[in-house]
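Trainee: Quick one: the structure is below, questions incoming.
The values are calculated or read from the model by the stated rules, or taken from the named source; none is laboratory data. As the structure is a computational prediction, the values presented were derived from the model and not from experiment. When we count neighbours, we look across all protein chains shown, and the Cβ atoms used for this are built from the backbone with ideal geometry, even at glycine.
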Amino acid sequence: MVAPMGVRATLVMGADGSTSFLGSSDGITSPEDRQQFLARRRQSDVIIIGGNTARYERYRWTPVPLIIISHTYPEMAGQNPKAQWWNLSPVEAIARASKEFGPSVFVEGGASMIQELLSVGAISHLDLSITPARGGENRVDSSSLLAHFKEITKTERNGTIFYSCMEPVTLQK
């Protein structure tokens, strides 16, 4: 699959590669990361998350429709009037969401969802934030994520490193 031009994903991780702390990204995010994250999501037509993200993060309100992909109904779906539950794969959800809501799809799923989508070339832009936090779980090697892109811009603000990655490449297996 080649990514539609508007599929953007975001992921925050600590300096040790952890992508969550006690199940949530709250323990590893920084004020700088949070500010950029909220600005990016307001520019999208739809947000896609997975079931675990729905269970552990706060999604009671979103500026655009929220699609929760999971095999089981997530209880929080009823708490957000813009939320819908789809029992689809991440790739199928992106295709359906872009048809139903518009081409700007924002993936806020966890590391495993993003890695799955990267492996099939379904993400056109990745925003990766690395904060100084340490001691969390679900560690990921940032270089394995960055390897999926040809154009990578790196900036730093108050101890948080931001990578903006574009031009996906196909990795050889």
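Trainee: Report, ordered by the first and then the second residue, all pairs with beta carbons closer than 9 Å, sequence separation of six or more or different chains, a first member in segment 9-29 that is in a loop (DSSP other than H, G, I, E, B), and a second member that is surrounded by fewer than 24 Cβ atoms within 10 Å (Cβ to Cβ) and of a type in the set (Phe, Trp, Tyr).
Mentor: Leu22/Tyr56; Gly23/Tyr56; Ile28/Phe21; Thr29/Phe37
Trainee: Go over the candidates Pro74, Pro65, Pro81, Pro103 one by one and state the one that is at pLDDT 90 or above, more than 26 Å from Ser142 (Cα to Cα), in contact with a helix residue (DSSP H, G or I) (Cβ under 7 Å, 6 or more places away or on another chain) and not small (Gly, Ala, Ser).
Mentor: Values: Pro74 fails: at pLDDT 90 or above; Pro81 fails: in contact with a helix residue (DSSP H, G or I) (Cβ under 7 Å, 6 or more places away or on another chain); Pro103 fails: in contact with a helix residue (DSSP H, G or I) (Cβ under 7 Å, 6 or more places away or on another chain).
It is Pro65.
Trainee: With of a type outside the set (Asp, Glu), surrounded by fewer than 16 Cβ atoms within 10 Å (Cβ to Cβ) and part of a loop (DSSP other than H, G, I, E, B) as the only criterion, which of Thr72, Thr62 stands out? Even if it seems obvious, please write down each step before you answer.
Mentor: Working: Thr62 fails: surrounded by fewer than 16 Cβ atoms within 10 Å (Cβ to Cβ).
The match here is Thr72.
Trainee: Could you tell me which of the residues Ser30, Ser18 is more than 24 Å from Asn87 (Cα to Cα) and more than 15 Å from the chain's Cα centre (by Cα)?
Mentor: Ser30
Trainee: Let me ask something else. Would you point out the residue of segment 30-56, among those that are of a type in the set (S, T, N, Q) and not in a loop (DSSP other than H, G, I, E, B), that is surrounded by the fewest Cβ atoms within 10 Å (Cβ to Cβ)? If you could, list the steps in order and put the result at the bottom.
Mentor: Applying the first criterion (of a type in the set (S, T, N, Q)) to segment 30-56 yields 30, 35-36, 43-44, 52-53.
So of that shortlist, the ones also not in a loop (DSSP other than H, G, I, E, B) come out as 35-36, 52-53.
Details: Gln35: 12, Gln36: 20, Asn52: 17, Thr53: 23.
Applying the filter and picking the extreme gives Gln35.
Trainee: Could you please give the count of residues in segment 103-162 that are among the polar types (S, T, N, Q), touching a residue at least 24 places away in the same chain (Cβ under 8 Å) and in a strand (DSSP E or B)?
Mentor: So the count comes out to 4.
Trainee: Here's something else I'd like to know. Could you check, for segment 137-147, whether at least one of its residues is within 25 Å of Gly27 (Cβ to Cβ) and touching an Asp or Glu at 6+ places or on another chain (Cβ under 7 Å)? Don't jump to the end; show me each part of the working.
Mentor: Pass one, segment 137-147, residues within 25 Å of Gly27 (Cβ to Cβ): 137-146.
Going one step further and asking which of them are touching an Asp or Glu at 6+ places or on another chain (Cβ under 7 Å), we end up with 139.
Yes, some residue in segment 137-147 is within 25 Å of Gly27 (Cβ to Cβ) and touching an Asp or Glu at 6+ places or on another chain (Cβ under 7 Å).
Trainee: Tally the residues that are buried (at least 21 other Cβ atoms within 10 Å of the Cβ) and of a type in the set (Asp, Glu), restricting the search to segment 80-114.
Mentor: Final tally of qualifying residues: 1.
Trainee: Identify the single condition in (1) buried (at least 21 other Cβ atoms within 10 Å of the Cβ); (2) of a type outside the set (Ser, Thr, Tyr); (3) touching a Phe, Trp or Tyr at 6+ places or on another chain (Cβ under 9 Å) that Ala77 does not satisfy, given that it satisfies every other one.
Mentor: Status for Ala77: all satisfied but (1).
Trainee: Still on this structure, I have one more. List every residue pair whose Cβ atoms lie under 8 Å apart, where the two residues are 6 or more positions apart in sequence or sit on different chains, the first residue falls within segment 65-90 and is under 18 Å from Phe106 (Cα atoms), and the second residue, located anywhere, is modelled with pLDDT under 90 and charged (D, E, K, R).
Mentor: From segment 65-90, the pairs are Asn80/Arg60.
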